[in-house]
Amino acid sequence: MISYGQIPVDQVATLVSAGLPEEQRQAALAELRRAWHDAQESERAVLGAAGRALSAERAEAPADGLPLDDVLQRIGVSALRPGQDRAITSALASLDTLVVMATGSGKSLCYQAPAAVLGGLSLVVSPLIALIEDQHQALTKAGLPTAMLSSQMDESAQRHVFDRINAGEPLLLYVAPERFNSSTFVEAIGRRGVELYVVDEAHCVSEWGHDFRPDYRRVGEFRDRVGARATIALTATATPKVQHDIAARLGLREPVVVTTGFDRPNITYDALNLAGRGTVARKEAALREALKEVGDGPAIVYCGTRRASDDLADDLRREGYRTAAYHAGRSDRSVTQAAFMSGEVQIMCATNAFGMGVDKPDIRLVVHWAAPDSLEQYYQEAGRAGRDGEQARALLLAASTDIGRIKNRIGTARLDAQDVDGLLRRLASQAGPDGDFDLPRGSLDDRQRFELAMAERVGVLTTAAAPGRGVRGRLRNDRLDASAAEELDRQVGVELRRRWNALDALVSYAEKDWCRRAAILNYFGDQREGAPEERCCDFCEAPSPEFAQPQAAPVPRRPTPASEEVSLELADRELLDELRKWRRAVAKELGWPAFRIASNRVLQEIARSRPDDGRALEAIRGAGPRLRESYGEAILAIVAGAAPQVGGPPAPRPNTRALPKGAADVDPDVFERLREWRRERAEDKPAYTVCADATLAEIARRRPSGAAALSQIKGVGPAFLGRHSESLFVVLEELAA
C-alpha cells in the first residue's frame with residue numbers, strides 16, 4: 001500500500017482515468033471537495049485548482065496510462081515525500097506547475113509519476129546528456145515506456161525513436177533544448193500532441209539564474225507549438241526573483257507553485273574566510289582535517305581552475321588518497337566519473353564542470369577550495385553532499401585572492417557595440433550563404449562566449465549546441481543598428497549587476513558573523529526556521545579552533561537553531577541514540593531523508609520528556625498528530641524500554657494539542673478511543689485519510705446511533721459510510737456501555 005501524504009493524490013489519479021463512469025467521477029469529485037475542507041491552508045490552493053480543473057469540460061484523456069500505485073511500485077516508491085503529493089496532484093489535473101525543491105528531495109518523481117498515469121506523450125527538456133541517460137536507463141529498467149533523443153545517438157537509433165512517437169506509443173521522451181532546432185522533431189511532436197511538457201533545471205531559463213544558457217531561452221517558445229496540455233518546471237536553486245522570471249519566460253498560466261524549503265538539515269555548513277600570509281597553509285590544514293573526519297567517505301573538492309584541480313589531485317594522491325581530477329580539458333572524464341561512481345576513486349578534484357546530473361547519493365563531503373561566483377552555485381554544488389539523507393558536510397574555503405579574481409573577471413566583462421560588431425564581422429567572414437556558422441569546441445574563450453551570448457540576447461544571431469559540444473548558429477545581421485546597440489547596453493548592464501549581486505551574496509555568506517544556514521535560507525526567501533540534524537555550522541558551533549569566530553556582538557538574521565538544543569543526561573542520550581537508529585531504519589525503508597520522519601530537535605525533546613502516551617507525544621513541539629498517528633506506537637515502545645532517568649522523569653507538560661480547536665467540550669477519553677479506531681482503519685495510510693480531527697471530534701460529541709445521524713456530520717460522505725460506519729458503531733456501542 002502506497003502512502004500518499006496529506007493531499008489525496010490517488011483520488012486525483014482516479015479522476016484522470018479514461019472511461020471513468022460519470023457516477024464514479026462525481027463521487028470522486030465530492031471526495032476531493034471534502035478533502036479541501038479538511039486540508040491545511042497551504043494545501044487548499046492546490047486542491048481547489050485541481051478540483052476546478054477536473055470539474056470543467058476537458059479533452060478526452062489518453063486511454064494508455066497506468067494506475068498510480070503501479071507506477072510508484074515500479075519506480076520503488078513506498079511513500080510520497082512532502083511536496084511530491086502537491087506537485088503530482090497539480091500535474092495530473094493538467095495545471096501549470098513550478099516545483100522548487102532542494103537537491104535530493106525527489107523532484108524527478110513529480111513529473112515521472114503523472115506522465116506515466118496520464119499516458120500519451122510527455123516531453124522532458126533537460127540540459128545534460130548524462131542526466132538524460134541516467135533517467136532514461138532507470139525508468140526503462142523499471143518497465144516504464146521511456147525514450148531519449150540526443151546528438152550522440154546514431155541515425156538508426158534516432159529513427160527508431162521517431163517510429164515509436166509516430167506509432168502513438170506512450171512515452172516519457174527526454175531531449176536536450178537544441179533538439180527544437182530540428183523541424184522534423186517539432187513537426188513529429190506537434191502531430192502527436194504533448195500531455196505534459198517538463199522543463200528540468202528550469203533556472204537555466206532565466207537570465208537571472210546562476211547557470212543561464214541561451215539554448216534554454218527558447219524553450220518557452222515551443223510549448224504552444226507542440227500542443228502541450230500542461231507544463232511543469234523544476235529547479236532546486238531559484239530565488240523569488242528567478243521563480244518569477246521562470247514563470248514569465250515559460251508562459252506558465254496561473255501556475256501552482258510548490259516549494260518545500262531550501263534547508264538541508266543533514267548538511268553541516270562551514271565557511272573559513274582567509275586572507276594574508278599563510279592562506280594556502282590554512283586551506284590545506286582545513287581540507288586535510290575535513291578529509292580525515294569523513295574517513296573513506298566519497299568527497300568532491302571544487303577548484304577554481306583546471307590547473308588547481310590537477311595539482312591538488314596530484315598532491316592528495318601522493319599522500320595516499322584515491323584521487324582523480326576532472327575538468328573540460330581532460331580526455332578521461334567519462335572513465336574518471338565512472339571510477340568515482342563505483343568507489344574506485346574516493347576524492348574528485350574538479351572544476352564546476354563536474355557534478356550536475358551525477359547521482360551519487362553517499363557523498364559525505366563537498367569542499368570548495370576556491371570560492372564560486374554566486375551563492376546559488378555554491379548551494380547547488382554543496383547540495384550534492386548527503387543526498388541519501390545521512391549526515392554530510394559542506395566546507396567553503398574563501399580566500400580573498402579568489403574573490404579578487406572573480407571581481408576582476410566581472411570588471412573586465414564590460415563590452416560595447418564595437419566589440420559585438422567585431423564578433424559579427426568575424427562570423428560573417430566564415431558563414432555560409434544563409435548566414436549559418438559552426439564554431440568547434442574550444443574555439444571560444446570566456447570573453448568571446450560572453451559576446452556571443454549578448455549578441456543573441458539582442459537578436460542579431462541565434463545559437464544552438466552542436467555535435468562535439470561546439471556551437472552552431474545563424475546570423476541575422478552583420479552589425480548592430482541603433483536600437484540593437486541601445487538594447488545591448490541595457491542587457492550588459494543587467495548581466496553585470498546580476499553578477500555583482502550574486503558575488504556580494506556569496507561574500508556576505510562567507511565573511512559575516514552569522515549562521516550559515518540562516519544566510520542561505522534568507523537569500524532564497526525561505527521564511528522557515530532551519531532544523532539541523534547535527535552540528536549546524538561553524539558560527540553556531542566551531543568544529544575546530546581555526547574556525548573560531550570573533551564574538552563581537554554578532555547578529556544573525558534569524559534565530560540560531562543551535563541555541564534551542566536540549567541538554568540531555570546520559571540515559572537520555574542513550575534513548576536519543578535508539579530513537580535515531582529507529583528513524584534511520586524507517587527512512588531507509590521509505591526512501592526518505594531522515595529529517596522527513598522527525599527532526600533532531602523533536603527526538604531530543606522526546607528523549608528528555610519521555611512521553612508515556614499518545615497525547616503526551618503529540619504535545620511535544622514539532623511532533624503533532626502526524627508523527628503520533630504514523631509512528632506513535634513505535635516511539636512509545638522505544639521510550640518504554642529505555643533505561644530510567646536519573647532523578648525520575650520531568651514534570652508533565654500541559655497538553656494543549658490533545659483536542660482540535662473548538663472541541664473543548666468533547667470528552668478526551670472518548671476522543672482518544674476514536675483516534676485509536678481511526679488509526680486501525682487507516683492501516684498503512686496516514687490516519688487523516690479516514691477522516692479529519694474535526695470530524696472525529698464531532699462524532700465524539702454527538703455519538704450518532706445510526707447511519708442517518710452519522711451522515712449529517714460534516715466530513716462524513718458515502719465513501720466513509722460504506723467503508724467505516726459498521727466498525728465505528730461497534731466502538732460507539734462500547735463507549736456507551
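The values are calculated or read from the model by the stated rules, or taken from the named source; none is laboratory data. Everything numeric here is computed off the predicted structure, so don't read it as measured data. Please note: Cβ atoms are built from the backbone with ideal geometry, for glycine as well, and neighbour counts cover all protein chains shown.
Within the range 491-502, does at least one residue satisfy the condition of being surrounded by 15 or more Cβ atoms within 10 Å (Cβ to Cβ) and within 20 Å of Leu272 (Cα to Cα)? So far as the range 491-502 goes, yes, one or more of its residues are surrounded by 15 or more Cβ atoms within 10 Å (Cβ to Cβ) and within 20 Å of Leu272 (Cα to Cα).
Name the residue, out of Gly343, Gly320, Gly386, Gly329, that is under 20 Å from the mean Cα position of the chain (by Cα) and in the same structural domain as Leu287 (by TED's automatic domain parsing).
Residue meeting the stated conditions: Gly386.
Scanning the range 389-421 for residues that are farther than 30 Å from Leu365 by Cβ and surrounded by 15 or more Cβ atoms within 10 Å (Cβ to Cβ) returns Ala413, Leu415, Ala417, Asp419, Val420, Asp421.
The set of residues in the range 525-540 being surrounded by 22 or more Cβ atoms within 10 Å (Cβ to Cβ) and assigned to a loop (DSSP other than H, G, I, E, B) consists of Gly530, Pro532, Glu533, Cys536, Asp538, Phe539, Cys540.
Go through the residues of the range 715-723 one by one and say whether even a single one is modelled with pLDDT of 80 or more and crowded, with 16+ Cβ neighbours inside 10 Å. Yes, the conditions are met somewhere in the range 715-723.
Does Leu98 meet the test of being surrounded by 23 or more Cβ atoms within 10 Å (Cβ to Cβ), farther than 22 Å from Gly261 by Cα and touching a residue at least 12 places away in the same chain (Cβ under 8 Å)? No, not satisfied. Here Phe162, Phe185 are screened, and the one residue that is surrounded by fewer than 19 Cβ atoms within 10 Å (Cβ to Cβ), of a type outside the set (Lys, Arg) and not in a strand (DSSP E or B) is Phe162.
Check the range 198-210 and report whether any residue there is in the same structural domain as Leu68 (by TED's automatic domain parsing), farther than 24 Å from Leu452 by Cβ and out of contact with any strand residue (DSSP E or B) (no Cβ under 9 Å at 6 or more places or on another chain). For the range 198-210, residues in the same structural domain as Leu68 (by TED's automatic domain parsing), farther than 24 Å from Leu452 by Cβ and out of contact with any strand residue (DSSP E or B) (no Cβ under 9 Å at 6 or more places or on another chain): absent. Among the residues in the range 625-635, are any at pLDDT below 75 and surrounded by 18 or more Cβ atoms within 10 Å (Cβ to Cβ)? Yes - at least one qualifying residue is present in the range 625-635.
Does Ala394 satisfy being in the same structural domain as Asp526 (by TED's automatic domain parsing) and either part of a strand (DSSP E or B) or farther than 30 Å from Leu521 by Cβ (or both)? Before the answer, list the steps.
On the way: in the same structural domain as Asp526 (by TED's automatic domain parsing): yes; either part of a strand (DSSP E or B) or farther than 30 Å from Leu521 by Cβ (or both): yes.
Yes, satisfied.
Are any of the residues in the range 422-441 surrounded by fewer than 18 Cβ atoms within 10 Å (Cβ to Cβ), outside the structural domain of Thr279 (by TED's automatic domain parsing), assigned to a helix (DSSP H, G or I) and in contact (Cβ under 8 Å) with a residue 60 or more places away in the chain? The answer is no, given that none of the residues of the range 422-441 is surrounded by fewer than 18 Cβ atoms within 10 Å (Cβ to Cβ), outside the structural domain of Thr279 (by TED's automatic domain parsing), assigned to a helix (DSSP H, G or I) and in contact (Cβ under 8 Å) with a residue 60 or more places away in the chain.
Residues in the range 636-672 that are within 24 Å of Arg573 (Cα to Cα), among the aliphatic types (A, V, I, L, M) and modelled with pLDDT of 70 or more: Leu636, Ala637, Ile638, Val639, Ala640, Ala642, Ala643. In the range 215-246, of all residues being part of a helix (DSSP H, G or I) and under 17 Å from the mean Cα position of the chain (by Cα), the one that is surrounded by the most Cβ atoms within 10 Å (Cβ to Cβ) corresponds to Ile246. Listed by first and then second residue, the pairs with beta-carbon distance under 9 Å, at least 6 apart or on different chains, first residue in the range 142-166 and charged (D, E, K, R), second not in a helix (DSSP H, G or I), are Asp163/Glu169; Arg164/Pro145; Arg164/Ala147; Arg164/Leu171; Arg164/Leu173.
For first residues located in the range 46-68 and more than 22 Å from Leu121 (Cα to Cα), partners that are in a loop (DSSP other than H, G, I, E, B) and at pLDDT below 80 and lie 6+ apart or on another chain with Cβ distances below 8 Å form the pairs Leu47/Ala39.
Where helices (runs of 4 or more DSSP H) sit wholly within the range 32-150, those with at least 1 residues that are at pLDDT below 85 occupy 41-55, 129-141. Looking only at residues that are of a type in the set (Ser, Thr, Tyr) and either at positive phi or in contact with a helix residue (DSSP H, G or I) (Cβ under 6 Å, 6 or more places away or on another chain) (or both) in the range 105-150, which one is surrounded by the most Cβ atoms within 10 Å (Cβ to Cβ)? Among those residues, the one meeting the criterion is Ser122.
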